[in-house]
Amino acid sequence: VVAVGVLAFGLSLNVVACGPQGGGADHPGGEASHALVGQQAPDFAFDSGNGKGKFSLKGTAGKVVLVDFWATWCEPCKKSFPKLQDLNVKYKSQGLVIVGISQDEDKDGISEFGKTYGADFNLGWDKGKDIAKKWSPPNMPSSFLIDKKGVVRQVHLGFRDGDEDKLEKEIKALL
């Protein structure tokens with residue numbers, strides 16, 4: 001009975017945040033302290049995995065950016081993508097840029113995942129985890145909100161229904 005309870009508890013955590021990535025998820029499904037908060041966001045660039053062309057963080061200067069680390073195997077990512085797309089549609093014209101960075105072992109499935117879960121924002125593959133090494137996302141998904149000056153202002157770990165409301169308030173405050 002104890003083993004079943006532990007298993008059920010472990011499975012419920014995976015619905016909120018998928019596995020550690022370079023550290024523990026001490027705040028799954030919510031706001032977190034992170035070394036990058038208050039710091040200049042590390043630059044990165046990639047060729048989009050969903051037909052959007054080349055993307056560079058440097059090219060978003062003067063805009064509010066949400067950088068989302070995700071993976072195709074991550075159950076909470078499947079719930080977060082439609083919510084991120086809703087925010088993308090609502091605030092893109094006001095200067096919001098959303099970018100998803102896949103932490104998958106290979107790039108197969110990135111485009112299909114984006115189509116399946118409605119992502120019309122740039123999706124890239126972090127080949128060799130070079131971007132993650134600079135950003136240290138503790139789990140999947142991990143979302144970093146960056147202000148117009150390129151400074152990381154918020155970090156959200158995991159995803160639960162309703163998290164998009166808090167994200168929206170933070171985005172509106174930065175726009």
Checklist entry - Residue check: is Asp163 over 23 Å from Gln40 (Cβ atoms) and crowded, with 22+ Cβ neighbours inside 10 Å? => result yes
Next on the checklist: Would you confirm, using the coordinates I've provided, whether Gly109 is open to solvent by less than 80 Å² (accessible area, probe 1.4 Å), out of contact with any helix residue (DSSP H, G or I) (no Cβ under 6 Å at 6 or more places or on another chain) and modelled with pLDDT under 95?
Outcome noted: yes
Checklist entry - Given the structure, is Lys83 modelled with pLDDT of 95 or more, surrounded by 13 or more Cβ atoms within 10 Å (Cβ to Cβ), touching a helix residue (DSSP H, G or I) at 6+ places or on another chain (Cβ under 6 Å) and basic (Lys, Arg)? => result yes
Next on the checklist: It is to be established whether one or more residues within segment 65-86 are over 15 Å from Leu145 (Cβ atoms), assigned to a helix (DSSP H, G or I) and polar (S, T, N, Q).
Outcome noted: yes
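The values are calculated or read from the model by the stated rules, or taken from the named source; none is laboratory data. Quick caveat, the model's predicted, so the values are computed rather than measured. As a convention, Cβ positions derive from the backbone with ideal geometry for all residues, glycine included, and neighbour counts pool all protein chains shown. Quick note on the areas: whole protein, heavy atoms, side chains included, nothing else; ligands and nucleic acids left out. Shrake-Rupley method; radii C 1.70, N 1.55, O 1.52, S 1.80 Å.
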